[in-house]
Amino acid sequence: MNSPIPSSEITPKQAYLSRRDFIKAAGILAGSMALAACAPDLLNAPASDPAELTTSAKTDELGDPLNSHKDIINYNNYYEFTTDKEGVARLAQNFPTSPWDVEVSGLVKTPRKFGVEDLIKSFPPEERIYRLRCVEAWSMVIPWLGFPLSKLLNLVEPTSAAKYVRFETVFKPAEMPGLKEPWYPWPYQEGLRLDEAMHDLTFLATGLYGGELPAQSGGGIRLVVPWKYGFKSIKAIVKIELTAEQPATMWSAIAPNEYGFYANVNPAVDHPRWSQASERRIGELARRDTLPFNGYAEQVASLYEGMDLAKNY
Ligand SMILES: Nc1nc2c(c(=O)[nH]1)N[C@H]1C(S)=C(S)[C@@H](COP(=O)(O)O)O[C@H]1N2
Ligand SMILES: [Mo]
């Protein structure tokens, strides 16, 4: 298909290195310094972790160090594969993430199907260093590549009747062994209010650590909503639908008293089975305090003015 927006002269790393070239380049760099002259910006990290070679950031805006690429791609929640966080990477290793299509439909002027490769060309990849805080009370700091969801939504033009956005994960039972568990109401689905979806922090990730987005991290394309519990950040999206009504979400369908629609990180509202006041940052020993809205209150608290956040959890 045609790119929705002409590519600019600026050629971000992810756009000029195809996935295959990227993997090749990273592999060569890991083994030798032969490419040093052509890729000086790839030289600042240990050769043992090639995917880190393209990220210059060391911390988030609060000064917290990034988690390693190794941690980020080996400790995952992805129930379509398994509930074992350390088993996802292996089960997902052959899951194809490219080509990948996502259909945007519902209450929009121009419903369309987009190829992720075309979206990457149209919207120059930005890097966002975000904290990810799982409702299970562990967290990581992750350098994503991608673009704000608002760019995609503006392209299809939501109508005035659109109030919510619904997201759906791919359903491929032959390749995702966890889908055989019959007690989950597959496919995984999530939702946002339209103003949350349009917020600049709300991000569609197509890469991480300057490289590709591996299957276990939600490739071909996944949502990242950093001020909400991790389950809102739905992986492997194939459908985005604009709706008038608040969409059902998988977790609130299973346990409405445990997982609400809003799911804003809130240390003052405990999960019914555990406290949310603190968290374990992967790679650290001591627990740390959980911040309201996961540390993004200044940017997002106004979205919830006048709402009782203990009720609208
Ligand atoms: N499709 C799908 N998306 C998902 C999940 C899942 O099981 N399936 N798990 C969620 C949860 S609970 C968390 S904490 C994050 C984890 O993202 P990560 O594995 O990239 O750290 O993905 C979220 N997105
Ligand atoms: Mo989670």
If we restrict to alpha carbons, what Rg and Dmax does the stretch 83-192 come to, in Å? 16.4, 44
Residue-by-residue Karplus 3J(HN,Hα) for the stretch 62-67, coefficients 6.51, -1.76, 1.60, Hz, glycine and proline x: 8, x, 7, x, 5, 6
Label point at Glu258 placed 7 Å out along Cα→Cβ; residues across the stretch 148-183 whose backbone nitrogen lies under 15 Å: 183
Candidate lysines - alpha carbon under 16 Å from Lys113, same-chain residues fewer than 8 apart omitted: Lys121, Lys151, Lys239
Working out 0.36 nm times the residue gap between Asp101 and Glu181, then minus their Cα-Cα distance, what length gain in nm do you get to one decimal? 26.2 nm
Using the Kirkwood radius over Cα pairs, work out the Stokes-Einstein diffusion coefficient for the stretch 253-295 at 20 °C and 1.002 mPa s, in µm²/s as a whole number. 187 µm²/s
At His271 and Tyr304, where each label point lies 7 Å from the Cα along Cα→Cβ, what is the point-to-point distance in nanometres? 1.7 nm
Tensor-based shape of the stretch 180-245 (alpha-carbon gyration tensor, a/c under 1.5 rounded, otherwise prolate or oblate): oblate
Highest to lowest packing among 65-72, 249-256, 114-121, scored as the average C-beta count within 10 Å: 114-121, 65-72, 249-256
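A short reminder: the numbers here are calculations on the coordinates, not readings from a lab. Computed from a prediction, not measured in an experiment: that's the story for all the values here. FYI the Cβ positions are ideal-geometry reconstructions off the backbone, even for glycines, and counts take in every protein chain you see.
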